[in-house]
2 protein chains.
Amino acid sequence: MNIGEAAKASGVSVKMVRHYEAIGLLPKAKRTFSNYRLYSANDVHELRFIRRGRDLGFSMEEIRALLGLWRNKGRSSAAVKKVAGKHVADLKAKIAELQSMVQTLEHLAQHCHGDERPDCPILDDLANPSSHAHCA
Amino acid sequence: MNIGEAAKASGVSVKMVRHYEAIGLLPKAKRTFSNYRLYSANDVHELRFIRRGRDLGFSMEEIRALLGLWRNKGRSSAAVKKVAGKHVADLKAKIAELQSMVQTLEHLAQHCHGDERPDCPILDDLANPSSHAHCA
DNA sequence: CTTGACCCTCCCATGATGGGAGACCGCAGC
DNA sequence: GCTGCGGTCTCCCATCATGGGAGGGTCAAG
């Protein structure tokens, strides 16, 4: 398979396939006589693994670790669970952070009449954050 | 005030103060005879405005818009609310995306025994995503 | 007059992804 | 054979917000 076919079959862009090879996530692809990269069904499988990892929000380094575990038939599932558990904790922390932003913004928006007048608690907060703890 | 004092007073790093000026978010700072940037209390106020906007997750372009509205005494609060509302929607979409990841991962982790054995539903899913809708 | 802390500009790096240039390859049609 | 189009090759550059560092100038206290 050429890179384009492998890309389509795995859902990874051609650009990223080359990139993953460049950063050593994938072994260097074999080449045709005319220097085109060649991919096997197993290569496509690894690409889909990476793609799925990205969809689940893993960083490239985490995926590198997971891919190593996947290739290693003697891995322990505890090692995999540890990587995934750390990632879940990271995701939850990020969610909490975003939810805090939403809460603050919705509270401010609730008190913003949103008409043609210039008074706006949202801008007031941006200009002077701590002075708006009036309603607890 | 020198840039270091303005940075400390606003909670923005020296690097970023210069950067905000470079991208036109802040007007070009006045300079001393020896080319040091000089800041007024109002400049520090704008820096804190930016800082607060970043803390609330606004992009630089959104902050640019909000800063423009803040400077414009004749703005309508509706314009501000619109920017903030769009941002809240973006945040909520992101939260939903992350929560979906967490849900998937927690479901998989729940079925991973996490011991020294190599069998692992987490890796199985990464390698073959759709084949695990066994328990609905 | 030296020392240390500050400031200046300019370049480079991140992480994941894409865009594009310039050149080459391969297959199809004429 | 020759042309043309689409795929591929390697490089370089851009994003977004942020920081690191080099190399050099400035200032105030000792």
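Here, each number is a calculation from the coordinates, and none is a lab measurement. Just so we're clear, the structure is a prediction, and the values are computed from it rather than from any experiment. Methodologically, a virtual Cβ is constructed for each residue, glycine included, from the backbone with ideal geometry; neighbour enumeration extends over all protein chains shown.
From the cross-link list A:LYS92/B:LYS94; A:LYS30/A:LYS73; A:LYS92/B:LYS92; A:LYS82/B:LYS94, which pairs have alpha carbons spaced over 19 Å apart? Before the final figure, lay out each step's value.
On the way: A:LYS92/B:LYS94 12 Å; A:LYS30/A:LYS73 24 Å; A:LYS92/B:LYS92 14 Å; A:LYS82/B:LYS94 25 Å.
Exceeds cut-off: A:LYS30/A:LYS73; A:LYS82/B:LYS94.
Rounded, prolate or oblate: which fits the protein assembly as shown, taking a ≥ b ≥ c as square roots of the Cα gyration tensor eigenvalues, rounded meaning a/c under 1.5, else prolate when a/b beats b/c?
On the way: a/c = 2.61, a/b = 1.88, b/c = 1.38.
Here the protein assembly as shown falls in the prolate category.
When the trypsin sites (Lys or Arg not before Pro) in segment B:1-74 are filtered for DSSP coil states and for at most 12 other beta-carbon atoms within 10 Å of their beta-carbon, the remaining sites are B:LYS28, B:LYS73. Residue-wise HN-Hα couplings along segment A:85-91, as the Karplus relation 6.51 cos²θ - 1.76 cosθ + 1.60 with θ = phi - 60° gives them from phi, are x, 4, 5, 4, 4, 4, 4 Hz; Gly and Pro carry x. Between copies, the label points at B:GLU61 (set 7 angstrom from Cα along Cα-to-Cβ) are spaced 3.0 nm, reported in nanometres from shortest to longest. Averaged over the residues of peptide A:98-108, the number of Cβ atoms from other protein chains lying within 10 Å of each residue's Cβ is 5.
Positive-end ranking of A:SER59, A:TYR39, A:HIS87 along the dipole of segment A:24-103, with charges on Cβ about the Cα centre, is headed by A:TYR39. Segment A:2-70 to segment A:72-97: how many Å between their Cα centroids? Value for the Cα centre distance between the two parts: 22 Å.
For A:MET101, A:MET60, the sequence from fewest to most other C-beta atoms within 10 Å is A:MET60, A:MET101. Electrostatic bookkeeping for B:VAL14 treats Lys and Arg as +1 and Asp and Glu as -1; over the other residues with beta carbon under 11 Å from its beta carbon, the sum is +3. Computed from the Cα positions only, the extents of segment A:1-131 along the three principal axes stand at 70, 39, 20 Å, in decreasing order.
Measuring r between the beta carbons of A:ARG18 and B:ARG31 and using R0 = 45 Å, the FRET efficiency lands at 0.45.
Couplings for segment A:66-75, taken from phi via the Karplus curve 6.51 cos²θ - 1.76 cosθ + 1.60 with θ = phi - 60°, read 5, 5, x, 5, 5, 6, 7, 5, x, 4 Hz in order; Gly and Pro are left as x.
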